[in-house]
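Input: a single structure, listed below in structure tokens.
The values are calculated or read from the model by the stated rules, or taken from the named source; none is laboratory data. In this text the structure is predicted, and so the values were computed from the model without any measurement. All Cβ positions, glycine included, derive from the backbone under ideal geometry; neighbour counts span all protein chains shown.
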Amino acid sequence: MTEDVAIMIKEKTKLSAAGVNLWFGNKHVLKNVGVSFSEKKVTALIGPSGCGKSTLLRCFNRMHDLAPDVRIEGKLALEKQDLYDRAISVTQVRKRIGMVFQKANPFPKSIYENINYGLKINDVPAGERQGIIENALKESFLWDEVKDDLKKPATRLSGGQQQRLCIARTVALRPEVILMDEPCSALDPISTSKVEELIEKLREQYTIVIVTHNMQQAQRVADSTIFMYLGEVVEAGNTSDIFNNPQKELTANYVRGHFG
Amino acid sequence: MMKKLSPVIEWFTLLFCTGTVLSFLVVILYDLVVKGWSTLSWRFITALPTQGMTRGGILPAITGTITLTLVTALVAVPLGIGCAVYLNEYAPDNWMTRLIRGSIRNLSGVPSIIYGLFGLALFVQGMGMGTSMIAAGLTLGLLSLPYIISTTEEALRRIPASTREAALGIGATQFESIRDVVLPSALPGILTGVVLTLSRAAGETAPILFTGVAFYITGSSGFLNQEFMALPYHLYMLSTQHQSIEEVRPLAYGTALVLIIVVFLLNLTAFYIRYKHSNND
Amino acid sequence: MKLAARERLDKLVKLVFRTTGLLVIMILGGILVMLLWNTFAFFLHVKPVDFVTGTQWNPVGHKARYGMLPLLVSTALVTLGAMAIAIPLGIGTAAFISEYAGKKLRNILKPLIEMLAAVPSVAIGFLGIVIVGPGIASITNQANGLNALNGAILLAIMALPTIITVTEDALQALPQTYREASYGVGASRWQTVRKVVIPAAAPGIIAAVMLGAGRAIGETMTVLMATGNASAFPKGFFHSVRTITATIAIEMGEVPYQTTHYYALFAIAAVLFLITLLVNLAGEYFVNRYRKYQVA
């Protein structure tokens with residue numbers, strides 16, 4: 001599958017991967033992957049466990065850098081910028097491409113400090129932080145629930161609140177892209193719908209890539225969907241096409257729940 | 001009949017084992033407290049020894065042990081935590097790192113007297129420090145290193161990868177993630193290990209035997225380049241080497257009691273940190 | 001701080017940590033080098049065969065003798081004696097804590113065991129002089145009770161916390177299903193402990209014994225204070241002995257730098273190092289054995 005799968009010609013490509021191969025030791029995990037994500041759209045990455053969708057996601061903000069024994073080939077780019085250019089700062093990459101993880105991972109600090117920390121290390125002037133924090137919490141629909149108790153340890157929030165705090169922490173830094181790695185897999189249905197509502201709102205400003213196991217969720221939130229299987233991209237296209245009119249047999253079997 | 005009786009006998013056998021083990025602790029504490037109590041006084045812990053150690057107090061031994069423990073901490077804590085951070089956060093996970101980790105674990109089983117020999121060969125003679133507080137502190141520091149490295153690594157390993165990723169994900173450098181997130185989260189575990197290790201070091205005798213401890217020092221024992229007195233060695237000398245052993249037995253009991261109080265206080269501090277932390281989770 | 005400065009700091013700190021790590025590893029490796037170097041120097045003066053098989057240790061006599069057998073046998077005697085006392089007591093106590101004691105009692109007993117472990121060796125040695133020694137003396141009608149038996153009792157006390165903790169750990173690591181299966185076929189609690197739990201936890205118990213023995217072999221102050229330190233070839237539990245550790249402690253203070261005698265003490269230290277290393281490695285091997293099936 002070497003042909004270019006970027007079919008959204010009308011839209012501006014924000015984030016892309018071309019000819020990406022990745023090995024964990026001797027295990028070939030991503031095989032010649034080419035994908036692109038349009039600006040200010042939500043793209044879902046779906047596929048059975050172990051298909052490499054989370055691995056691909058983590059390539060974009062260079063989360064594999066610290067892991068031993070990982071080898072990456074190919075080109076990953078944010079607009080025209082090569083993300084693995086030797087001259088580029090990985091810290092800067094991660095600030096521009098934010099990430100929300102599978103399990104909410106707030107810092108063991110207060111709610112306020114959870115957001116303030118990123119601002120502090122990224123050199124945001126102290127005078128501006130208060131406003132940014134308030135705004136980020138509002139954007140994440142968390143403000144009303146926590147505004148009276150910003151000093152409370154973040155670990156005492158509920159699971160859904162913690163995940164929204166992690167999103168607030170990310171948006172406070174005004175990234176260009178937000179990567180979400182199964183953000184709702186540990187949440188109950190009510191928290192899940194709140195996070196989805198939040199994604200709905202964030203799409204106005206951010207390019208969002210979301211890995212999900214939940215096919216209903218992909219259909220609810222994503223403009224485009226990419227189906228991966230055994231480390232390869234099988235099919236990419238509009239979400240409705242992928243689910244209602246898949247071109248490949250494998251895709252059809254997966255979205256109809258025959259495996260995975 | 002036997003069938004009904006045997007579970008009771010069996011239960012008593014195990015209870016007897018446990019009771020015997022506990023009785024060791026009780027006997028040690030009871031004997032030291034009962035016989036040492038009468039010696040213990042404000043004068044005993046604040047006065048200098050007089051009349052060939054048969055009268056007076058043990059102040060220089062107390063200050064010597066405290067200073068020695070501080071020197072040990074200054075050597076072992078930064079090096080030990082630094083080494084553990086290197087092994088757990090920076091070192092590649094390969095056979096070399098595993099070999100180093102295994103060696104460090106085995107070094108904590110090396111008899112303490114061998115550290116004493118090493119301190120003698122390296123610090124006292126090799127580096128020309130002579131028998132001194134600094135040579136003994138460095139020796140005890142080396143003895144403490146493997147423990148501090150192992151306990152710190154254990155504390156660091158308990159911090160999940162997701163915590164590190166959280167910091168990196170918002171654009172923190174690796175150092176910032178270690179300084180601001182990883183180390184603060186691991187701090188209670190690290191502190192517990194450090195305090196327990198120091199309590200062990202404070203009670204050690206063999207490694208300081210030939211590296212700096214002395215039975216009697218005239219004047220202050222506070223200087224790094226001088227020999228010093230220490231509680232464990234003082235107890236050893238009073239109970240085995242003094243010319244009038246029976247006469248100084250009360251002093252020996254008093255010294256033993258003070259030593260064990262110091263060690264237990266450090267242990268209680270460690271238990272407290274651990275207890276408080278386990279309640280916060 | 002500006003981004004470039006932050007990244008420079010990050011690189012610098014990484015370098016500092018790596019240097020610290022490698023420095024520590026080098027220093028600790030230096031211990032081994034030091035032992036081997038001085039042992040090598042010793043063998044330039046004394047034949048290894050005489051060292052290993054000689055039955056006399058008399059470095060300051062008219063004709064100096066460096067036979068380490070008496071020291072080795074002394075160490076073996078007190079260690080075996082200590083194990084004979086500590087193994088049954090330790091396993092019994094661990095079984096009681098793990099299988100019989102309730103949660104509350106366990107939370108009291110375990111810190112008490114840790115307290116016993118915290119008692120400095122010199123305080124245990126003192127106890128040997130003032131309590132165990134006179135006790136043995138009055139039973140055996142000897143002048144004092146400073147002998148191998150005294151040392152063995154004290155070393156047992158020192159090894160017990162290790163044996164209890166590791167054994168208890170191994171018993172706790174057993175899947176509950178083992179016990180349920182045993183009760184299921186009508187076995188009593190005692191039968192379950194003896195026929196199922198302890199055999200299944202055997203690797204862990206062997207590890208406990210090894211680690212406890214390692215501690216006893218390397219212990220200096222207690223044996224130095226309680227065993228009388230006669231350098232003659234050991235005759236039995238009721239006689240005075242002199243272990244490897246005690247010999248180093250007694251003689252190192254008085255030997256001139258870089259003499260044969262000086263090197264001899266490093267050579268016996270190297271032997272001691274080797275023994276404790278082997279015992280601890282064996283212990284670790286068995287610990288890994290029981291950890292493995294705990295995961296499975």
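Tallying residues that are more than 9 Å from chain C (Cβ to nearest Cβ), in contact (Cβ under 8 Å) with a residue 60 or more places away in the chain and in a helix (DSSP H, G or I) within segment B:85-140 yields 12. Residues that are farther than 30 Å from residue C:224 by Cβ and outside any helix (DSSP H, G or I) occur at least once in segment B:172-190. Pairing each residue of segment A:85-99 that is of a type in the set (D, E, K, R) with any residue that is at pLDDT 90 or above and in a helix (DSSP H, G or I), provided the two are 6+ apart or on different chains, yields C-beta distances under 7 Å for A:94/B:168; A:94/B:169. Residues in segment C:158-177 that are assigned to a helix (DSSP H, G or I) and surrounded by fewer than 15 Cβ atoms within 10 Å (Cβ to Cβ): 2 in all. Any residue at all in segment C:163-186 that's touching a residue at least 40 places away in the same chain (Cβ under 8 Å), within 10 Å of another protein chain (Cβ to nearest Cβ) and of a type in the set (Asp, Glu)? No: segment C:163-186 contains no residue that is touching a residue at least 40 places away in the same chain (Cβ under 8 Å), within 10 Å of another protein chain (Cβ to nearest Cβ) and of a type in the set (Asp, Glu). Checking each residue in segment A:167-195 for being basic (Lys, Arg) and at pLDDT 90 or above picks out A:169, A:174. Screening A:182, A:176 for residues that are surrounded by fewer than 19 Cβ atoms within 10 Å (Cβ to Cβ), closer than 21 Å to residue B:170 by Cα and either in contact with a strand residue (DSSP E or B) (Cβ under 7 Å, 6 or more places away or on another chain) or among the small types (Gly, Ala, Ser) (or both) leaves exactly one candidate, A:176.
Of the residues making up segment C:107-125, at least one is crowded, with 21+ Cβ neighbours inside 10 Å, assigned by TED's automatic domain parsing to the domain that holds residue C:235, over 19 Å from residue C:214 (Cα atoms) and modelled with pLDDT of 90 or more.
Residues checked against (1) β-branched (Val, Ile, Thr); (2) more than 28 Å from residue B:145 (Cα to Cα); (3) outside the structural domain of residue C:258 (by TED's automatic domain parsing); (4) surrounded by 13 or more Cβ atoms within 10 Å (Cβ to Cβ):
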position	(1), (2), (3), (4)
C:13	yes, no, yes, yes
C:20	yes, no, yes, yes
C:26	no, no, yes, no
C:29	no, no, yes, yes
C:33	yes, no, yes, no
C:38	no, no, yes, yes
C:51	no, yes, yes, yes
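Considering only residues in segment A:75-96 that are more than 9 Å from chain B (Cβ to nearest Cβ) and of a type in the set (A, V, I, L, M), the one that is surrounded by the fewest Cβ atoms within 10 Å (Cβ to Cβ) turns out to be A:87.
For (1) touching a residue at least 24 places away in the same chain (Cβ under 8 Å); (2) outside any helix (DSSP H, G or I); (3) farther than 30 Å from residue B:142 by Cα; (4) of a type outside the set (Val, Ile, Thr), each residue gets a yes or a no:
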| residue | (1), (2), (3), (4) |
| --- | --- |
| C:12 | no, no, no, yes |
| C:49 | no, no, yes, no |
| C:61 | no, yes, yes, yes |
| C:76 | no, no, no, yes |
| C:87 | yes, no, yes, no |
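Those helices (runs of 4 or more DSSP H) of segment A:130-235 in which 3 or more residues are over 30 Å from residue A:256 (Cβ atoms) occupy A:143-146, A:159-171. Looking at C:155, C:146, just one residue is touching a residue at least 12 places away in the same chain (Cβ under 8 Å), within 24 Å of the chain's Cα centre (by Cα), more than 8 Å from every other protein chain (Cβ to nearest Cβ) and outside any helix (DSSP H, G or I), and that residue is C:146.
Segment A:1-104 holds strands (runs of 3 or more DSSP E) entirely within its bounds, and those carrying 1 or more residues that are more than 25 Å from residue B:176 (Cα to Cα) map to A:13-24, A:27-38, A:42-46, A:70-78. The set of residues from segment C:276-285 being aromatic (Phe, Trp, Tyr) and crowded, with 22+ Cβ neighbours inside 10 Å is empty. Give me the residue from segment B:146-182 that is surrounded by fewer than 21 Cβ atoms within 10 Å (Cβ to Cβ), within 27 Å of the chain's Cα centre (by Cα) and without any contact (Cβ under 8 Å) to a residue 40 or more places away in the chain and, out of that set, farthest from the other protein chains (Cβ to nearest Cβ). It comes out as B:154.
For segment B:12-34, filtering for residues that are at pLDDT below 90 and either within 26 Å of residue B:249 (Cβ to Cβ) or more than 7 Å from chain C (Cβ to nearest Cβ) (or both) leaves 1. Considering every residue within segment B:243-256, establish whether at least one is within 20 Å of the chain's Cα centre (by Cα) and of a type in the set (Gly, Ala, Ser). Looking through segment B:243-256, at least one residue is within 20 Å of the chain's Cα centre (by Cα) and of a type in the set (Gly, Ala, Ser).
Among the residues of segment C:245-268 satisfying the criterion of being among the polar types (S, T, N, Q) and surrounded by fewer than 21 Cβ atoms within 10 Å (Cβ to Cβ), which is nearest to residue C:46 (Cα to Cα)? Per the stated criteria, the residue is C:260. Search segment A:57-74 for residues that are within 14 Å of another protein chain (Cβ to nearest Cβ) and crowded, with 16+ Cβ neighbours inside 10 Å and pair each with any residue that is of a type in the set (Gly, Ala, Ser) and part of a helix (DSSP H, G or I) when their beta-carbon atoms are under 7 Å apart and the residues are at least 6 apart or on different chains. Matching pairs, first to second residue: A:61/B:169. One residue alone among B:187, B:138 is in contact with a helix residue (DSSP H, G or I) (Cβ under 7 Å, 6 or more places away or on another chain) and modelled with pLDDT of 90 or more, and that residue is B:138.
Given C:55, C:79, C:75, which one is surrounded by fewer than 15 Cβ atoms within 10 Å (Cβ to Cβ), among the hydroxyl-bearing types (Ser, Thr, Tyr) and either farther than 30 Å from residue B:19 by Cα or at pLDDT 85 or above (or both)? Exactly one of C:55, C:79, C:75 is surrounded by fewer than 15 Cβ atoms within 10 Å (Cβ to Cβ), among the hydroxyl-bearing types (Ser, Thr, Tyr) and either farther than 30 Å from residue B:19 by Cα or at pLDDT 85 or above (or both), namely C:55.
Table: residues versus (1) touching a residue at least 12 places away in the same chain (Cβ under 8 Å); (2) within 21 Å of the chain's Cα centre (by Cα).
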site: C:21; (1), (2): no, no
site: C:33; (1), (2): no, no
site: C:66; (1), (2): yes, no
site: C:82; (1), (2): yes, yes
site: C:95; (1), (2): yes, no
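Scanning segment C:6-58 for residues that are small (Gly, Ala, Ser) and more than 10 Å from every other protein chain (Cβ to nearest Cβ), we see that the one that is nearest to residue C:74 (Cα to Cα) is C:54. Looking only at residues that are part of a loop (DSSP other than H, G, I, E, B), within 14 Å of chain B (Cβ to nearest Cβ) and of a type in the set (S, T, N, Q) in segment C:220-244, which one is surrounded by the fewest Cβ atoms within 10 Å (Cβ to Cβ)? Top of the filtered list is C:229.
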